Amino acid sequence: MFLQSEMGTQVAKPVIVISAVNLIEGGTLSILKDCLTYAATHLTDRYKVIALVHSSALFDLPAIDFIELPKAKRAWLNRLYYEFFHFSRLSRQLKPYLWLSLHDITPNVEATRRAVYCHNSSPFYNLPLSQALMDPTFFLFNRFYRYLYKINIKKNDFVIVQQRWLRREFEKLLKPRRVLVARPKVPEDWKDEKTDPLYPYKNGITRLIYPAFPRVFKNFEIIGEAVQHIRKRGIEDVEILITLSGQENQYARWLFKRFGLLKEIKFIGLQSRETIYHLYREVDAMIFPSKLETWGMPLTEFKVLDKPILAADLPYAHETIGQYHKVKFFNPDDPEGLSDLIIRLRQGELEYDRPVPETPEVDCTEGWGELFDLLLNPRIL
């Protein structure tokens, strides 16, 4: 792959390496796909783009050169070997202009520019003992990820996070050279698709959705407790769809055992991105009680429908919601207060919170185009 010089001779394209060997499912895979799609469409005319992935079968992007490293996902020792030893040798071979690591850890690499994208906000969560016992994997992330973040972090030209509150935490605890806030940009063309309903409308039923994987910080229990308060008041025309079956992990099994008999809560299991968009169009509102998010993508996705949102009164939610005019924030530890808001929504009496103007900040981008423009700009360091 070559560029044509002014003298008519061919010169090798500068190399961009996008490392993402650990991203194979869920929201992080969606981020990777969006990143590579942008790179394939807008960067490959000027750069040779190489993606380090678990499996190239996850993608249909012939303009990207893929290197498969399936062993990296099998064990943490494998992952650390690749990040700190194998990638060092690989970078000396590829001689990249930009090495962008999309999964939290800063590798030992040689590159003109180095950047790491940090998704995992678990070190900044105050984890109760009861939740630690229920989700030991998250407990390990919560306790040890800040030490993993520290390794090599000052060698990056850019550390990338999705929100300003997370930038402040990184600057305070880890003191990297430069932290960028890269806000996700969601396409809106899906909202007008015409499809048959998955859950046909029921007359008089107020239907809400909470799309999330069952992790302890997702705070599903407040929904069950709020429904119990609603039932005590003799109200039965509320239905809440939650995207878990009750079998995914210990937390999900505990939720199903505790709330599985409540007819107002529908355990619909994990759903594809396309099905979630389908369900967004059918429900009346979104409920989002999560206590920790790197961004909170469902909030961004749902806003395009101009429907009500009940969101946890936390910094991440305020930043993601932004200037949206149909949101009501609630205390994520107050199920009775949440039940009151659901009832007001059902009665058409919900009073929304007034949007707060955002204070402009430097080094904030939206979408992959703005982010790559900054990462690749030779005048910015």
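With only Cα atoms counted, the range 189-347 has Rg and Dmax values of 14.6, 41 Å. Between the helical axis of 164-173 and the longest alpha-carbon principal axis of the chain there is an angle of about 60 degrees. Helix 221-232 and the longest principal axis of the C-alpha atoms of the chain enclose an angle of approximately 20°. Amide H contacts of Ile160 (H built 1.01 Å from N, in plane; Pro and chain starts excluded): Val116, Tyr117, Cys118, Leu180 sit under 5 Å, all sequence-distant by 5 or more or on other chains. Among the GluC sites (Glu not before Pro) found in the range 7-103, those both in a DSSP coil and sparsely packed, with 15 or fewer other Cβ atoms within 10 Å of their Cβ, are Glu25. Using only Cα atoms and rounding to the nearest 10 degrees, what angle (0 to 90) does helix 335-347 make with the longest principal axis of the chain? In the chain, helix 335-347 runs at an angle near 80 degrees to the longest axis. Annotation: average projected area of the chain is 20.7 square nanometres, based on the convex hull of Cα atoms across all directions. Calculated [222 nm] ellipticity per residue, helices only, for the chain: -10000 deg cm²/dmol; basis is -39500 (n - 2.57) per DSSP H run with n ≥ 4, divided by all residues, nearest 500. Taking Cβ atoms as reference points and 11 Å as the exclusive limit, the residues near Ile240 contribute a net charge of 0, counting Lys and Arg as +1 and Asp and Glu as -1.
How much of the calculated P(r) for the range 90-147 lies past 13 Å, in percent of all Cα pairs? Percent of Cα pairs beyond 13 Å in the range 90-147: 66.
Cβ crowding within 10 Å, taken as a proxy for footprinting-reagent exposure, orders Met134, Met286 from fewest neighbours to most as Met134, Met286. Our summary gives the chain a relative contact order of 13 percent, counting only alpha carbon pairs under 8 angstrom and 6 or more residues apart.
When both the range 267-342 and the range 27-98 are represented by their alpha-carbon centers, they are found 32 Å apart. In this structure, Lys71 and Arg258 have a Cβ-Cβ separation that, at R0 = 35 Å, corresponds to a calculated FRET efficiency of about 0.35.
With 29 Å as the limit, write out which pairs from Lys73/Lys95; Lys154/Lys328; Lys33/Lys263; Lys13/Lys33; Lys291/Lys326 have Cα-Cα distances beyond it, or answer none. The pairs that break the limit, which is 29 Å between Cα atoms, are Lys154/Lys328; Lys33/Lys263. Among beta bridges identified by DSSP and lying wholly in the chain, the antiparallel ones come to about 5 percent. Measuring between alpha carbons in the structure, the pairs from Lys150/Lys266; Lys175/Lys307; Lys48/Lys185 lying more than 31 angstrom apart are Lys150/Lys266; Lys175/Lys307. In terms of packing, defined here as the mean over residues of other Cβ atoms within 10 angstrom, the peptides 292-304, 257-269 line up highest first as 292-304, 257-269.
The string of couplings for the range 66-78 from the Karplus curve (6.51, -1.76, 1.60, θ = phi - 60°) is 9, 10, 8, 9, x, 6, 4, 8, 6, 7, 5, 5, 4 Hz, one whole number per residue in order, with x for Gly and Pro. Kirkwood hydrodynamic radius of the range 23-117 from all distinct Cα pairs, in Å? Hydrodynamic radius (Kirkwood, Cα pairs) of the range 23-117 is 13.8 Å.
3J(HN,Hα) along the range 245-258: 9, x, 10, 5, 6, 4, 5, 5, 5, 5, 4, 5, 5, 7 Hz, from the Karplus curve 6.51 cos²θ - 1.76 cosθ + 1.60 with θ = phi - 60°, whole Hz, x for Gly and Pro. Please report the relative contact order for the range 189-347, taking Cα pairs under 8 Å with a sequence separation of at least 6, and give it as a percent rounded to a whole number. Once divided by the residue count of the range 189-347, the mean separation gives 27 percent. Phe85 to Tyr38: FRET efficiency via 1/(1 + (r/R0)^6), r the Cβ-Cβ distance, R0 22 Å, to the nearest 0.05? For R0 = 22 Å, the calculated efficiency reads 0.15.
No value in this document is a laboratory result; all are computed from the given coordinates. Please read these numbers as outputs of a predicted model, since none were measured by experiment. Please note: Cβ atoms are built from the backbone with ideal geometry, for glycine as well, and neighbour counts cover all protein chains shown.
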